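Structure first, commentary second.
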Amino acid sequence: MAGHSKWANIKHRKAAQDAKRGKVFTKIIRELVVAAKQGGPIPEDNPRLRATMDKALAANMTRDTIDRAIARGAGTNEADNMEELTYEGYASGGVAVLVEVMTDNRNRTVAEVRHAFSKHGGNLGTDGSVAYLFSKKGQFSFAPGTDEEQLMEVSLESGAEDVIANDDGSTDVITDPSDFGQVKDALVAAGLEPANAEVTMIASTMAELDNEQAEKVIKLIDRLEDLDDVQNVYTNADFPAEALE
């Protein structure tokens, strides 16, 4: 649809994260602790930890803070009482929503998540209601104007699954999560620095929205991301560019 922009979506999300930097740091630290606890403190042997470290550095977290979080996860039982859960639901316009949480009190968390959905015109669904629409992938996003030929050559040679040219001129490189680190190293070594790099959930189909629907979905996402226990929110919303300005 004309006016829909992957690039506008990335910039909007980054601006929202910058506005909530303290809360973003808290969530990344929690993720570092759990990743180190589950997979060990060595990023080369722990793709999840490596991806979370990259997220932390992209958010301008200091190396000391990152190292302390990893040490906590590797050396204590502090993360034992944290559960990782995923809630599924629908937002305005039939948009599918996945909400990943880390919590020490699932009753509190599900009540907060359900309230956010109902307040903004959505509803919490049952397990499996929308998860089938999403796949976990590594994703590197490049600004319009990036050398597409070089990007494709380096990406595919380093083990990426796909290179996608978006309508707005931006480009995405898609990888298996376990190959995230090696593909990023190859891209950076070739002078191709991604504007955004993350392990994320990518939807197989997108839901196109008008401006009114988009406004409701954005408010729901903001409300969910503001909850202390929520780590990540994923949707298949295709936002009109003007709704993100």
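The values are calculated or read from the model by the stated rules, or taken from the named source; none is laboratory data. Since the model is a prediction, treat every value here as computed from it, not as a measurement. Positions of Cβ are generated from backbone atoms using ideal geometry, with glycine treated the same way; all protein chains shown enter the neighbour counts. Accessible surface areas use protein heavy atoms only, side chains included; no ligands, DNA or RNA. Shrake-Rupley method; radii C 1.70, N 1.55, O 1.52, S 1.80 Å.
Key figures for this structure:
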{"item": "Filter pass, Pro41 being in contact (Cβ under 8 Å) with a residue 60 or more places away in the chain, farther than 19 Å from Asp222 by Cβ and open to solvent by 30 Å² or more (accessible area, probe 1.4 Å)", "result": "no"}
{"item": "Filtered residues of the stretch 161-201 (kept if among the β-branched types (Val, Ile, Thr), over 26 Å from Phe239 (Cα atoms) and open to solvent by 40 Å² or more (accessible area, probe 1.4 Å))", "result": "Val188"}
{"item": "Of all residues in the stretch 131-160 being hydroxyl-bearing (Ser, Thr, Tyr) and at pLDDT 95 or above, the one that is surrounded by the most Cβ atoms within 10 Å (Cβ to Cβ)", "result": "Ser155"}
{"item": "Criterion (at pLDDT below 90 and either in contact with a helix residue (DSSP H, G or I) (Cβ under 9 Å, 6 or more places away or on another chain) or open to solvent by less than 20 Å² (accessible area, probe 1.4 Å) (or both)) met by exactly one of Ala91, Ala116, Ala74", "result": "Ala74"}
{"item": "Filtered residue count, the stretch 171-207, keeping only those that are in contact with a helix residue (DSSP H, G or I) (Cβ under 8 Å, 6 or more places away or on another chain) and hydrophobic (A, V, I, L, M, F, W, C)", "result": "12"}
{"item": "The stretch 44-71, subset open to solvent by less than 20 Å² (accessible area, probe 1.4 Å) and under 25 Å from Val130 (Cβ atoms), residue modelled with the highest pLDDT", "result": "Thr52"}
{"item": "Some residue of the stretch 149-169 being within 30 Å of Leu227 (Cβ to Cβ) and in contact with a Ser or Thr (Cβ under 6 Å, 6 or more places away or on another chain)", "result": "no"}
{"item": "Residue match in the stretch 208-217 (condition: at pLDDT below 95, buried (at least 16 other Cβ atoms within 10 Å of the Cβ) and not hydrophobic (A, V, I, L, M, F, W, C))", "result": "yes"}
{"item": "Search result, residues across the stretch 6-47 that are more than 10 Å from Gly73 (Cα to Cα) and charged (D, E, K, R)", "result": "Lys6, Lys11, Arg13, Lys14, Asp18, Lys20, Arg21, Lys23, Lys27, Glu44, Asp45"}
{"item": "Meets criteria (open to solvent by less than 70 Å² (accessible area, probe 1.4 Å), more than 20 Å from Thr200 (Cβ to Cβ), touching a strand residue (DSSP E or B) at 6+ places or on another chain (Cβ under 8 Å) and in contact (Cβ under 8 Å) with a residue 12 or more places away in the chain) for Gly122", "result": "yes"}
